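The values are calculated or read from the model by the stated rules, or taken from the named source; none is laboratory data. These figures come from a predicted structure and were not determined experimentally. Note that each Cβ is placed from the backbone with ideal geometry, even for glycine, and that neighbours are counted across all protein chains shown. We work out accessible area using only protein heavy atoms, side chains counted, and drop any ligands, DNA or RNA first. Shrake-Rupley method; radii C 1.70, N 1.55, O 1.52, S 1.80 Å.
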Amino acid sequence: WVAVVGLEIHAQISSSSKLFSGSQVQFAAPPNSLVSFFDASLPGTLPVLNRRCVEAAVMTGLALNCSINKKSLFDRKHYFYADLPAGYQITQQRVPVAVNGRLSYNLCIDNKMSQMVTKTVRIKQIQLEQDSGKSLHDDTRSQTLVDLNRAGVGLMEVVMEPDMCCGEEAAAAVRELQLILQTLGSSQAVMAEGQLRVDANVSVHHPGEPYGVRTEVKNINSIRFLAKAVDYEIQRQIEELENGGTILNETRAFDSKLGCTVPMRDKEGKQDYRFMPEPNLPPLILYDAKSLPANMNHQQVVNIDWIRERLPDLPSVKRAKLVEQYGILPEHSFTLLNEDGLTEFFENVVKQTQMKPKKVIGWILNDLLSHLKQHSHTVKESPVSSFLLADLLNLLEKKEISSAAAKQVLAELWKGEGKTPLEIVKEKKLELIQDQKELERICQVVIDGQEDEVMAIKAGNRKVLNKLIGLVQRETQGRSNPVLVKQLLEKKLSE
C-alpha cells in the first residue's frame, strides 16, 4: 500500500484588527466583546479590506516561492452554521493572492538527528479568508452558545499538494511552515490558541493504481497529534480495505485521548457552496516596482518588490549561517531554531565567554535544555540568563572549577536566588585544588588502596586508569582537574 497525504492549513494573520472590519483581535477576550456591526452581519454593513493582512499574505507567498497574482478576486462561499451570521464566508476561490509555490523541509531518518533528508512539498495556493465565530456546546443544559469574537479574523489558507506519505512528513512540513510564519511575523502560529489549524486529506492505493478515496481529518491543533492522526488514518484505511470494506469520502476528527479518528459527517452528497463573486469588494490589485504608477499614493497600494526586499532570513538560511559561523553540527542548528529564543541565548553566551562555540552548544543543548524541559519552562522563562551561564563557563574555561562542579553550580543557579556563579563556587567550596603537592598526596592514597587495579594497569589494561581518576575525583569532591590527575597518576604508576 502507498499512502498519499495533502494538507490545508489555516494560519491566523498577525494583525491588530480583523480582515474586513476595525474590530480588535485578541485571544481569550470576554465572549462577544470584539464584534463590529459588520462581524455580526447587520444589514447595510460593508467590508473594508485590511492592508496589513494583504501584506502578510504576500510576504508569506514570497517566502514559500509562490507566484503572486497582481490581480486576485474575492468570493462568497455559502454554508449555514450558527456561528456564521451572514450565511457565507468571504474567501478567494477562483483567483487567490498566491499560487504555485514550494516548501522544503527536513526529515530525520530512523529518528537520528545526524541523518537528515530534505524533502519538498508543492504549495497549490495561498488565499485570504475570514474566520467564522465559535460555537460552545453546553451538553448539561442542551444548548449551544455562540461567541463572535473570532468572526471575521483574517486567515491565510495554505493549500499543500498531496506530496507527503506519512504523519512524520506532514508534521515536519507544518513545523517548518510554522517557523517560517513566525520568522516573517505574518502569523504567531501558536497552535494552542487556534492560530494554526490543520486539515489533513489522506488516502491509500496500490502502487501503479489510481489514488484511493480520501478522507479529511479536520481541525488538528498540534503537530504531535497531526503525525498521530495521519498515521492512524493510513492504518485504518489499509485494514478496512484488506478486510473487504470500502473507504467513505467523509470528514473525520482526531480524538487525542483515544488516539484515533472518528467520523463527523459524510461527503457523499457533495456540499454545494454556491460560490459567487463578492459584490462588495473590487478585485485586489497589487503592484511591483515596474507597474507602480508615478502619481500613486504609496499608502494606498501594496508593492510586491518593496515586501520582497524586506524579507528576513528564513529558517533554512539561519541554520546554514549558524553552522558556518560557529562550526556547530547541522542537527544542532535545528534544535537551536526549534526552541523559541534559543538561538539568541546561544549567541549571547558565545559573545560573553572565552569558551569555543562547539563546547558552549553542548552546555546549552544538554544541560540548559534538560533543565528547561524538566520544569516545563520556555527559554524566556529560564532563571539562568545567558550572562550567568557565560560567567559559569568562563570559570570552567579558566580551569578554576571542574566540569562536575560546573554542573553543581548550574543546579544552584537554577534556584534563582540571585547569586553569581563565583559566589556559589566560594560558598560551596567548589574551586579546583591548585596545590599540586596536595593532589599528589591524594593520588598516592588512592593508588595505595587499589592494589588490584594498579596491577591491571601495569599489565597493560589502560581502561582501569579511569576508575582511579574517578576515585580521586570522589576524594576531592569534584575539585580536581581530571587532566592533571591523569598525568599525576600515570607518572606515579610508571615509577
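Quick one: what pairs do we get from region 133-154, first residue in a loop (DSSP other than H, G, I, E, B), second of a type in the set (Lys, Arg) and open to solvent by less than 30 Å² (accessible area, probe 1.4 Å), C-beta under 6 Å, 6+ apart or different chains?
As it stands, the answer is 152/18; 153/18, since those pairs meet every condition given.
Return the only residue of 479, 474, 462 being among the charged types (D, E, K, R), in contact with a helix residue (DSSP H, G or I) (Cβ under 7 Å, 6 or more places away or on another chain) and either over 15 Å from residue 401 (Cα atoms) or open to solvent by 50 Å² or more (accessible area, probe 1.4 Å) (or both).
Among 479, 474, 462, only 479 is among the charged types (D, E, K, R), in contact with a helix residue (DSSP H, G or I) (Cβ under 7 Å, 6 or more places away or on another chain) and either over 15 Å from residue 401 (Cα atoms) or open to solvent by 50 Å² or more (accessible area, probe 1.4 Å) (or both).
Within region 6-111, considering only strands (runs of 3 or more DSSP E) that don't extend past its boundaries, which have at least 3 residues that are under 30 Å from residue 310 (Cα atoms) and modelled with pLDDT of 95 or more?
In region 6-111, 98-109 are the strands (runs of 3 or more DSSP E) which contain 3 or more residues that are under 30 Å from residue 310 (Cα atoms) and modelled with pLDDT of 95 or more.
From (1) part of a helix (DSSP H, G or I); (2) surrounded by 12 or more Cβ atoms within 10 Å (Cβ to Cβ), pick out the condition that doesn't hold for residue 430.
(1)
Checking the condition out of contact with any helix residue (DSSP H, G or I) (no Cβ under 7 Å at 6 or more places or on another chain) and either open to solvent by 40 Å² or more (accessible area, probe 1.4 Å) or not hydroxyl-bearing (Ser, Thr, Tyr) (or both), which residue from 171, 151, 189 passes?
It is 151.
Given the structure, is residue 251 closer than 30 Å to residue 93 by Cβ, at pLDDT below 95, open to solvent by less than 90 Å² (accessible area, probe 1.4 Å) and not charged (D, E, K, R)?
yes
Farther than 30 Å from residue 60 by Cα and more than 18 Å from the chain's Cα centre (by Cα) - does that describe any residue in region 309-327?
Yes, there is a match, as at least one residue in region 309-327 is farther than 30 Å from residue 60 by Cα and more than 18 Å from the chain's Cα centre (by Cα).
Suppose we filter 232, 211, 273 for residues that are at negative phi, over 33 Å from the mean Cα position of the chain (by Cα) and among the aromatic types (Phe, Trp, Tyr); which single one remains?
273
Within region 386-406, count every residue that is assigned to a loop (DSSP other than H, G, I, E, B) and open to solvent by less than 50 Å² (accessible area, probe 1.4 Å).
Going through region 386-406 one residue at a time, the tally reaches 2.
Could you go through region 410-423 and let me know if any residue there is over 23 Å from residue 365 (Cβ atoms), at pLDDT 85 or above and part of a helix (DSSP H, G or I).
Looking for residues that are over 23 Å from residue 365 (Cβ atoms), at pLDDT 85 or above and part of a helix (DSSP H, G or I), one finds at least one in region 410-423, hence yes.
Among the numbered criteria (1) open to solvent by 20 Å² or more (accessible area, probe 1.4 Å); (2) more than 22 Å from the chain's Cα centre (by Cα), which single criterion is violated by residue 371?
(2)
Among (1) closer than 23 Å to residue 9 by Cβ; (2) in a helix (DSSP H, G or I), there is one condition residue 239 misses while meeting the rest; what is its number?
Result: residue 239 fails condition (1) only.
Give me the pairs: first residue in region 276-289 and in contact (Cβ under 8 Å) with a residue 24 or more places away in the chain, second residue assigned to a loop (DSSP other than H, G, I, E, B) and open to solvent by 30 Å² or more (accessible area, probe 1.4 Å), beta-carbon distance under 6 Å, and six or more apart or on different chains, which are they?
These pairs meet every condition: 280/46; 283/73; 286/70.
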